[in-house]
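Bear in mind these aren't lab numbers, they're just calculated from the coordinates by the rules spelled out. Because the structure is predicted, anything quoted here is derived from the model rather than measured.
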Amino acid sequence: MDINNFTIPIYRINTILSLFQNMDASYSIKELAELMNVPINVIREDIYTICNNKDYDTVIYPPDMEEDEDSDNDYSNFSEELKKGLHDDVPLVAETSFHSDVFLSITPLELNCLNDFLDEAVVSKDHSVHNYVTKAMYNKSNSKMQVKGQEIQRIIDNGQTIKVIYKPFKGDLISSVIRPLKLVHNAMDDYYYVVTITNGNLLALRLDRIKHYSVTTDSVSIPDLSPLDILPKVWGMELGTSEHPASPVHVKIRFLNEGNVVRKATRDLTSRTCGTITILPEDGSLIYEDDVVGMGSFKSFLYGYGSSAIVLEPEALRNEIIESARIRLTYYHEQ
């Protein structure tokens, strides 16, 4: 295999996915690195990207991983350990995504819009809630999570407040009273988040980490809902902290017209309703311009395109991407 092709992340990832297409295929990260003649730390990053990017519709895991109600957290822990190099010698297998029923509360007008857009009509479950089938990746939906999401959405619709017991990624359980405002899905990690506003800043609680909730008569005042306006600009639910809330950064990116880059970028960016997409008539490349909140996740998105994505603005992001590419290329010279 030509190592020059594998300096481009898309080529490497497509090759890894094709190797796993055989149902009986099993490769360790070390074996993939030797087979493709690519540094092991590069393959490790590629596998981590596949595991955590819903667009690849693939989950890669050790075949002996147990499947139970905590399997989502187990997989999250596994992918983080994988990134640290703790599973380089472990044989891995892959599965494609599956479909599951997700319950959404939508109005009759929203239902009519969906039916106009979809080839197959949305199935009505009752007068206020309708069943819409969407893709899920490794976060296996279960009935308890569906019920929780449906109940939270009804609480939002009714303008009620709730007392929640929440388990952060690190630390002890937290008890708080909130008024949930939005239930949103983050496609980058395939989790649902309950969004509210505290002290004028957005706060997102991962739905599966809400261990208990109950409706309360306690009053929560949110006089200003304008912080919700940035949600369409958010990548990866990176909202910052109460002391340092995230703020939008204007970006302008050029995606070169090579391979299937423009088609993939168009698909990836169409849902970004605040941004603009322009196809240049002279060479067919794509210009994406937007205000972005969550630069860490946005940079991860750009890294997947390798040299096919050129940062035009801001200069600081362009320099950071160039420096990252320089460091990555040194991996090849050092091996």
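Quick one: Cα centre-to-centre distance for region 264-335 and region 231-253, in angstrom?
16
Cα-Cα over 21 Å: which of 144/211; 144/233; 83/299?
Check vs 21 Å cut-off fails for 144/233.
Over the Cα atoms of region 249-334, compute the convex hull volume and normalise it per residue, giving Å³. Numbers along the way, then the final one.
On the way: hull volume 8.5 nm³, N = 86.
Taking the convex hull of the Cα positions in region 249-334, it is 99 Å³ per residue.
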